[in-house]
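Read the structure below first, then the notes.
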Amino acid sequence: MTLSAFKPQVLHVAYHVADIERALGFYVGVLGLKETMRIPLGNNLSEVILAFPETKSAGVILMWNTDRPKGTPIEIGEGYSRFVLRVSDVEGAFAHLQKHNAPVVTPVTTFGNLKFAMVKDPDGYVIELLEFLKA
């Protein structure tokens, strides 16, 4: 038996941010996620849970240390790759993020039946926009 017998679903991806207000400006103000809950975890660590409204898709947990000087850069480990968002229109979503000065990692690219682009959030985490093309 494997874990699949328990019908698992990816619920959230969680990572640390240097400035929670700046991060929320991007994830809520630009990407359109909504804050669903804030949790003080103790030891000066807090998290905010975000989800896309009216969807059952996975969300994001942004964590921050309340004692950390605001804006102190987060070191992104070499194990992190990217946060992937499936969208209906990669070119439109990419243009929206460019209007909000999201640094471009990979411009809109087509590979087989996939169209994708990658940008960075304010902390340098890579976000991939992915569209499945009709065959």
- Task: For the stretch 114-121, state whether one or more residues are surrounded by 14 or more Cβ atoms within 10 Å (Cβ to Cβ) and either without any contact (Cβ under 8 Å) to a residue 24 or more places away in the chain or part of a helix (DSSP H, G or I) (or both).
- Result: yes
- Query: From the list P73, P40, P69, P53, which residue is in contact with an Asp or Glu (Cβ under 8 Å, 6 or more places away or on another chain) and loosely packed, with under 11 Cβ neighbours inside 10 Å?
  - Reply: P73
- If we scan the stretch 107-121, do we find a residue that is among the aromatic types (F, W, Y) and either out of contact with any strand residue (DSSP E or B) (no Cβ under 8 Å at 6 or more places or on another chain) or in the same structural domain as A14 (by TED's automatic domain parsing) (or both)? yes
- Task: Please find, within the stretch 61-97, the residue that is nearest to G25 (Cα to Cα) out of those that are in contact (Cβ under 8 Å) with a residue 12 or more places away in the chain and assigned to a helix (DSSP H, G or I).
- Result: L97
- Please find, among G79, G59, G42, the residue that is out of contact with any Leu (no Cβ under 9 Å at 6 or more places or on another chain), closer than 20 Å to M118 by Cβ and among the small types (G, A, S). G79
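The values are calculated or read from the model by the stated rules, or taken from the named source; none is laboratory data. From a predicted model like this one, the values you see are computed outputs, not experimental measurements. Don't worry about glycine lacking a Cβ; one is built from the backbone with ideal geometry, like all the others, and counts go over all protein chains shown.
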